[in-house]
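Reviewing the structure listed below.
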């Protein structure tokens, strides 16, 4: 029996990146051998075991054979006669197919070190085409390592395009798409995940609401980049500077979906795109099983981001109604996330990346102006039911009006 460190741990070690977890492959053993040594069996589809002390995963060397379309149609074979090279060749990328033995020697039959040095993401073998999840994984690795200069090998991109044409991505279940997208949203440059999917044609099949934004024009005086899809990815780049939360990043990504449904005769204007975005976001989130926290923030940003951009022009009544619609009084933390998304939208334009966004401060101070208004005080005054709600709204409007007057006076001085 021989044990080798494999996959991401070896790759990250060679890149000088912090190793997050270790995976091991065991050659020349049986399940009974590992169980007798105290390992705990946890694999459902193939033999995977947890080490009795470290709890790290140890998998028996295995081969696999495609038996049906999609990413679940595989038959696995794990036995003592499976070699390390046979196990490594079934992996997705050459940079993930490097092993290290107990003495620190590297086993690299598919030239992964060379691709690491050249910053190339390349498939190990034609078997890559048998599993559509690998398209998502490669796009995620492209997003993770973009800052190091990694690009996708042309032959791998061609293979991915062929997979899309063959309909392989149509077999992906929504939960798996969301799982990979969620992980990609947490990377340094998640926009690369979506651009990679678009380059191979997978974005149009998996997220058509996003794909159709590319090529849709916007008014150049407001959007020098013109293309709505480009603006969307620029906004995603900006939100990554402001928040690490995946649901905040997703809300920014989806904020302009309605522009893809603007009637052609109205272009490049997008009047009413806020409302057109809402059913598209609901469908997107339902189809991909996106968590409620992300869906709700995305809906709020889509519907009210233009209110935020022109908040200094809003009448007190409209401003308070917007705060109430955003549930800002009960959920100030989510309101703060909403403001970050709006700021990213405003800066996600060519030439606007470093522009200040005073609207966020103005909106926050308008909310703070209402904090001294207590429902308990109104209850003590005898207000209840609908009258209580009306009185509370009136008090807030008055507070915002006084805030606006003070703001204007301060700006004039």
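Data overview
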quantity	calculated
Residue check, residue 118 at pLDDT 95 or above and out of contact with any helix residue (DSSP H, G or I) (no Cβ under 7 Å at 6 or more places or on another chain)	yes
Verdict on residue 71 being outside any helix (DSSP H, G or I) and either modelled with pLDDT of 95 or more or touching a helix residue (DSSP H, G or I) at 6+ places or on another chain (Cβ under 8 Å) (or both)	yes
Verdict on residue 91 being surrounded by 13 or more Cβ atoms within 10 Å (Cβ to Cβ) and at pLDDT below 95	yes
Segment 224-254, residues that are surrounded by fewer than 20 Cβ atoms within 10 Å (Cβ to Cβ) and either at positive phi or in a loop (DSSP other than H, G, I, E, B) (or both)	224, 225, 226, 243, 244, 245
Residue ranges of helices (runs of 4 or more DSSP H) in segment 82-168 with at least 1 members more than 27 Å from the chain's Cα centre (by Cα)	84-89, 112-118
Residues of segment 347-358 satisfying the condition of being in a helix (DSSP H, G or I) and surrounded by fewer than 19 Cβ atoms within 10 Å (Cβ to Cβ)	358
Those residues of segment 27-52 which are in a strand (DSSP E or B) and either outside the structural domain of residue 63 (by TED's automatic domain parsing) or within 19 Å of residue 82 (Cβ to Cβ) (or both), in sequence order	27, 41, 48, 49
Options 102, 78; residue that is assigned by TED's automatic domain parsing to the domain that holds residue 7, farther than 29 Å from residue 165 by Cα, at pLDDT below 95 and crowded, with 16+ Cβ neighbours inside 10 Å	78
Residue within segment 179-200 that is surrounded by fewer than 21 Cβ atoms within 10 Å (Cβ to Cβ) and touching a strand residue (DSSP E or B) at 6+ places or on another chain (Cβ under 7 Å) present	no
Residue match in segment 273-281 (condition: buried (at least 16 other Cβ atoms within 10 Å of the Cβ), under 23 Å from residue 180 (Cβ atoms) and not assigned by TED's automatic domain parsing to the domain that holds residue 373)	yes
Identity of the residue in segment 359-380, over 30 Å from residue 221 (Cα atoms) and not in a loop (DSSP other than H, G, I, E, B), that ends up modelled with the lowest pLDDT	380
Members of segment 265-291 that are part of a helix (DSSP H, G or I) and either modelled with pLDDT under 95 or under 21 Å from the mean Cα position of the chain (by Cα) (or both)	277, 278, 279, 280, 281, 282, 283, 284, 285, 286, 287
Matching residues, segment 1-26, being surrounded by fewer than 20 Cβ atoms within 10 Å (Cβ to Cβ), within 28 Å of the chain's Cα centre (by Cα) and assigned to a strand (DSSP E or B)	23
Residues being crowded, with 17+ Cβ neighbours inside 10 Å and either outside any loop (DSSP other than H, G, I, E, B) or without any contact (Cβ under 8 Å) to a residue 24 or more places away in the chain (or both) - total across segment 294-335	23
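The values are calculated or read from the model by the stated rules, or taken from the named source; none is laboratory data. This one's a predicted model, so the numbers in the text were calculated from it and none came from an experiment. As a convention, Cβ positions derive from the backbone with ideal geometry for all residues, glycine included, and neighbour counts pool all protein chains shown.
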